Amino acid sequence: MDDKNKKKKPFSCPESLPASVPDDRFCSPFQCPEKIPTPRFSSPNSPLSPEELEQFQECIEAANELLRTLGNPVDPKNKRELQLRLRKLRGLLMRVAVECGNIQVDLVGTLQDAGKDFVQLERVGRSTFILFEKVCSIRRVTAPDGVEPGHKQESINLDTCTRREIILNFGKIVSGDPNLINIFFGLPLHLRLVSFQGCKVEVKIENSEEPEVIQGMLSASEEKYIQVQKNNQLEQINFNKICFIDVLTGHPDK
């Protein structure tokens, strides 16, 4: 079909914004002159309907992700692409196969987050942290009710003032918030665990025969090891010996 025979969509004015929608002036602290009341309209960025535009953007993102996957060279030290991919699956029920010495442990939980070198699962009464190098496979599990949450934009819940501060004072604001660091750069596991110091943990480690579980309170988290306080004694555990770490967040029976 040539261009002349294509049906053109009828022109329609953009949606008028009601007076009840406030103009927050992007959280500016400066006093502005009083505005003369005038009609305001939304700013459409496409001739497509909202539903068609959403489908079109999903197709573009899927194509871009495929191109990034094919175009990026494989670098074991660069796990940023893996982190970004996993963060899009947050909220989904996942089965993670974990290498633990001579055996493989299957963990099932909701994918809560992914950092620079780790994945975080939410399980009953605990948050489980697994280093990428210990992960054998990750598979989606169909939710019992069949309903799965859709992916949301990273900063969808940020208020206007926070958005303004990020734009004007990016380094200061981002460096002081672990969640923002993880979004923009990727947060390593040892820094993520700092916020859980003083919490009860169960650390599953490799052993010569069968995996061993060390229980105690997380007292320190450094680049190459963590320290767990057990019976008034500190036990240092290197990350290369850890299969996964459970931070206890509540009693399973409660």
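Going through the stretch 184-216 one residue at a time, which ones are in contact with a Lys or Arg (Cβ under 8 Å, 6 or more places away or on another chain), exposed (fewer than 15 other Cβ atoms within 10 Å of the Cβ) and touching a residue at least 12 places away in the same chain (Cβ under 8 Å)?
Those that are in contact with a Lys or Arg (Cβ under 8 Å, 6 or more places away or on another chain), exposed (fewer than 15 other Cβ atoms within 10 Å of the Cβ) and touching a residue at least 12 places away in the same chain (Cβ under 8 Å): PHE185, GLN215.
Would you say LEU180 is of a type in the set (A, V, I, L, M) and either out of contact with any helix residue (DSSP H, G or I) (no Cβ under 9 Å at 6 or more places or on another chain) or farther than 24 Å from GLU81 by Cα (or both)?
No; evaluated as a whole, the condition is false for this residue.
Any idea which of LEU180, LEU158 is over 21 Å from GLN233 (Cβ atoms), under 21 Å from the mean Cα position of the chain (by Cα) and open to solvent by 50 Å² or more (accessible area, probe 1.4 Å)?
Numbers: LEU180 fails: open to solvent by 50 Å² or more (accessible area, probe 1.4 Å).
Result of the check over LEU180, LEU158: LEU158.
The values are calculated or read from the model by the stated rules, or taken from the named source; none is laboratory data. Model, not experiment: these values are computed from the prediction. When we count neighbours, we look across all protein chains shown, and the Cβ atoms used for this are built from the backbone with ideal geometry, even at glycine. Surface accessibility is based on the protein's heavy atoms, side chains included, excluding ligands, DNA and RNA. Shrake-Rupley method; radii C 1.70, N 1.55, O 1.52, S 1.80 Å.
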